[in-house]
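The values are calculated or read from the model by the stated rules, or taken from the named source; none is laboratory data. Just so it is clear, the model here is predicted, and its values are computed rather than measured. Note that each Cβ is placed from the backbone with ideal geometry, even for glycine, and that neighbours are counted across all protein chains shown.
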């Protein structure tokens, strides 16, 4: 119910320190998250079942200090099946964190069980309040230290985080209640995620919020490549160089849906009004002759440009903005060969990178996870994509394709046609 959403409620919590946090996905339709001061809780990659887990997966710890600047927590690990734990076949780790002289030290205080500690990366996220946090990477089992910011720096961090939180809530498009949905023909479909499926892929699309793909699961590996929450992230497209410009949250109409042979050849054609007589049209297709790939053909089309414009629209740019999840951030990178023949490996520590001209990827680039032994290949037409952008987040990466930035007419739309395929990496 709208009046029960977290941004409309005053939260009453038990006595003590409670620190609000999220994963840059706060939304009125999602519950508010708080961690009690003095707590350390472990986080791992999302899995469908225990069989997908790997002991060397990166481990994350959320840390909230209490009034005395201390915190503690545990993690229990075993096979997840059978009774080996009764014979000591497990690992129980006690973590403690303590603030002394502006430095927070995190260490293992005690271990139980016969298992040896896996060699894995540890991601520590120290909650500061207001949704802000400090991040540190290290090896699990080693002593890690985080230097606290000054009071002035802390104030800036918290203020910036709270501002972002309010902005996300104010700009979020909420899922309507069932009784609010129109009873007109096709309305029910527009409020239900549409699934396209082959023997290799399962896609879920939400036409009513930006026509986004919210799930892109590779069935042979069980890997869900997209990072998506309610009305943000996943596979999105914008109509300008500005982040989340028109096309991001508009309601798209389902123009056509084809299901020729169940599980073999499916497609959907979506269209959204982005203003000024323009539409953003997107066809998502799993071809029968090559069901290993997902093809996406998008265009910004002029339908009715205003008088006095000479038949041309405002400046537009077709910006493809998918957000992919990283199960192993320290073992993941982007690889490509540029138009000039130079080879590139781009790792998370490189930050945000633009590529254009002769260093533009020569028609394809690939997101590689060395732990999984998988690569997600994105192929495109270099005559349609004028820029490529790599942006690394916390456990995520964006691999963006940008068209040229120009007006369009009925005779000169902007188009980017590209495809995704998963391959094994030796």
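Structural remarks
To keep it simple, each residue is scored yes or no on (1) in contact with a helix residue (DSSP H, G or I) (Cβ under 7 Å, 6 or more places away or on another chain); (2) within 20 Å of residue 318 (Cβ to Cβ); (3) in the same structural domain as residue 299 (by TED's automatic domain parsing); (4) not in a strand (DSSP E or B).
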site	(1), (2), (3), (4)
217	no, no, yes, no
237	no, yes, yes, no
248	no, yes, yes, yes
258	no, no, yes, no
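- So residue 75, is it assigned to a strand (DSSP E or B), without any contact (Cβ under 8 Å) to a residue 40 or more places away in the chain and more than 25 Å from residue 219 (Cα to Cα): yes
- When we screen 135, 58 for residues that are modelled with pLDDT under 95, exposed (fewer than 15 other Cβ atoms within 10 Å of the Cβ), within 29 Å of residue 227 (Cα to Cα) and touching a strand residue (DSSP E or B) at 6+ places or on another chain (Cβ under 6 Å), the only hit is 135.
Here is a yes/no grid of residues against (1) modelled with pLDDT under 90; (2) farther than 30 Å from residue 79 by Cβ; (3) not assigned by TED's automatic domain parsing to the domain that holds residue 218:
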position	(1), (2), (3)
12	yes, yes, yes
23	yes, no, yes
35	no, no, yes
38	no, yes, yes
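- Restricting the stretch 219-244 to residues that are over 22 Å from residue 300 (Cβ atoms) and more than 16 Å from the chain's Cα centre (by Cα), the residue that is surrounded by the most Cβ atoms within 10 Å (Cβ to Cβ): 221
- The test for being out of contact with any strand residue (DSSP E or B) (no Cβ under 8 Å at 6 or more places or on another chain) and at positive phi does not hold for residue 211.
- When the stretch 222-235 is filtered for residues that are out of contact with any strand residue (DSSP E or B) (no Cβ under 6 Å at 6 or more places or on another chain) and in a loop (DSSP other than H, G, I, E, B), the ones remaining, listed by number, are 222, 230, 231.
- Residue within the stretch 43-62 that is within 23 Å of residue 100 (Cα to Cα) and in a loop (DSSP other than H, G, I, E, B) present: no
- Applying the criterion of being part of a loop (DSSP other than H, G, I, E, B) and at pLDDT 95 or above to the residues of the stretch 293-325, the residue that is surrounded by the most Cβ atoms within 10 Å (Cβ to Cβ) is 318.
- Of all residues in the stretch 376-392, those being surrounded by fewer than 18 Cβ atoms within 10 Å (Cβ to Cβ) and either at pLDDT below 95 or under 12 Å from residue 322 (Cα atoms) (or both) number 2.
- Criterion applied to 73, 113 was being more than 33 Å from the chain's Cα centre (by Cα), surrounded by 15 or more Cβ atoms within 10 Å (Cβ to Cβ) and in the same structural domain as residue 17 (by TED's automatic domain parsing), and the one residue passing it is 113.
- Only one entry in 126, 144, 92, 122 is buried (at least 16 other Cβ atoms within 10 Å of the Cβ) and free of Cβ contacts under 8 Å to residues at least 60 places away in the same chain, namely 144.
For every residue, the table says whether it meets (1) more than 30 Å from residue 164 (Cα to Cα); (2) in contact with a helix residue (DSSP H, G or I) (Cβ under 9 Å, 6 or more places away or on another chain).
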| position | (1), (2) |
| --- | --- |
| 26 | no, yes |
| 41 | no, no |
| 45 | no, yes |
| 66 | no, no |
| 73 | no, no |
| 78 | yes, yes |
| 88 | yes, no |
| 106 | no, no |
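- Considering (1) modelled with pLDDT under 90; (2) part of a helix (DSSP H, G or I); (3) exposed (fewer than 14 other Cβ atoms within 10 Å of the Cβ), the lone condition that residue 184 does not fulfil carries the number (2).
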